[in-house]
């Protein structure tokens, strides 16, 4: 299977299946000399892992990470880093009834036609469980970016299904299971999810993520634009069906006098561009929003076909997230970090000694 590697200089190759013995990744290109241990990676995996609330899958995976290579005496050596996460709570029997049919909205049908066989247990490679190694790899990237550039990442859920979640404060994000920047509407969100689970249905979500402290000048013109690579990475997350940079689709209703972020000696007037102009970072926050579709694995019976092309009814059993977006915030942060890490190294390689007399102006004030 091709297409399992992300990045050019900071390359992450993802391996494993949802119900296999383990999942993991190989990171090639991490600079040497950085202090690194499992304790640097585990907190990010804990944010993403299943079973953390009644609103997500109850698959009880500890997602304990092991570093198998690339670190000696506590420091990265510059050689490939292998991260391993063992699967410990598979229930493959839950998928026996879909081995001969295709779940609507899932990758079953396309995998079958592409490869001529598929692993129905939890979706195999198409499972959202495959995002865990990327979160682990991104923890390595986040540490390097923080230490060398002071870059930080923050994400939150802004919509759950048809419910718009009012933004109140980033301080609320770690205090609720939705990663919502809100405290007043959490009971409403929980009731919504309880009703959805009882109905055997699912919903989508909108996640917003930002990187702060990114220097000016990262990104490549034309086909490796920074925002193009960000969109590419975000679309690699399971169930993502849309990506916006900055004002995104709202920019279609803006005038040029509004959308173009005016420059002044004391800073930018706004950040409709999402921190990227001409594919190159402006020094403002990189702002991204993703649209996540409703979960395809649901209890409600759905019409489909079997392997012979005959009509069939599919009902998915097992443990699933009624909204995969609930655990997507750490994943979106991770994919943004991986892209920025790759571009940090690419910029250092070609333009690390470039300097200009024009001062860096301040970014627009973030909320």
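Please work out which residue is farthest from residue 142 (Cα to Cα), limiting yourself to the stretch 337-358 and to residues that are loosely packed, with under 14 Cβ neighbours inside 10 Å and in contact (Cβ under 8 Å) with a residue 60 or more places away in the chain.
Among them, the one singled out is 354.
Given the conditions (1) in contact (Cβ under 8 Å) with a residue 24 or more places away in the chain; (2) within 29 Å of residue 104 (Cα to Cα); (3) within 24 Å of the chain's Cα centre (by Cα), report the number of the one that residue 274 does not fulfil.
Condition not satisfied by residue 274: (2).
Among the residues of the stretch 135-157, is any modelled with pLDDT under 95 and in a strand (DSSP E or B)?
Checking the stretch 135-157: not a single residue is modelled with pLDDT under 95 and in a strand (DSSP E or B).
Taking the conditions exactly as written (over 30 Å from residue 4 (Cα atoms) and crowded, with 18+ Cβ neighbours inside 10 Å), does residue 185 satisfy them or not?
yes
Could you please find all residues in the stretch 170-186 being more than 20 Å from the chain's Cα centre (by Cα) and touching a residue at least 12 places away in the same chain (Cβ under 8 Å)?
Once the filter is applied, which keeps residues that are more than 20 Å from the chain's Cα centre (by Cα) and touching a residue at least 12 places away in the same chain (Cβ under 8 Å), the stretch 170-186 yields 182, 183, 184, 185.
If you scan the stretch 237-278, which residues turn out to be crowded, with 18+ Cβ neighbours inside 10 Å and on the phi > 0 side of the Ramachandran plot?
239, 246, 274, 275
When only residues in the stretch 1-39 that are surrounded by fewer than 17 Cβ atoms within 10 Å (Cβ to Cβ) and either under 17 Å from the mean Cα position of the chain (by Cα) or under 13 Å from residue 65 (Cβ atoms) (or both) count, which is modelled with the lowest pLDDT?
Going through the qualifying residues, I end up with 3.
Mind checking which residues of the stretch 88-116 are out of contact with any strand residue (DSSP E or B) (no Cβ under 6 Å at 6 or more places or on another chain), part of a loop (DSSP other than H, G, I, E, B), at pLDDT 85 or above and at negative phi?
88, 106, 107
Under the condition of being touching a strand residue (DSSP E or B) at 6+ places or on another chain (Cβ under 8 Å) and in contact (Cβ under 8 Å) with a residue 60 or more places away in the chain, which residue from the stretch 135-150 is surrounded by the fewest Cβ atoms within 10 Å (Cβ to Cβ)?
Only one residue fits best here, namely 142.
In the stretch 54-78, which residues are modelled with pLDDT of 95 or more and farther than 20 Å from residue 23 by Cα?
72, 73, 74, 75, 76, 77, 78
Just to be sure I understand, how many residues within the stretch 33-47 are touching a residue at least 60 places away in the same chain (Cβ under 8 Å) and not in a helix (DSSP H, G or I)?
2
Would you check if residue 283 is within 30 Å of residue 344 (Cα to Cα) and surrounded by fewer than 17 Cβ atoms within 10 Å (Cβ to Cβ)?
Here the answer is no, as residue 283 does not meet what is asked.
Out of 167, 223, 153, which single residue is touching a residue at least 60 places away in the same chain (Cβ under 8 Å), over 16 Å from residue 56 (Cβ atoms) and either over 20 Å from the mean Cα position of the chain (by Cα) or surrounded by fewer than 15 Cβ atoms within 10 Å (Cβ to Cβ) (or both)?
167
The values are calculated or read from the model by the stated rules, or taken from the named source; none is laboratory data. Everything numeric in this text was worked out from a predicted model, so none of it was measured. Ideal geometry is used to build each Cβ from the backbone, glycine not excepted, and the neighbour counts take in all protein chains shown.
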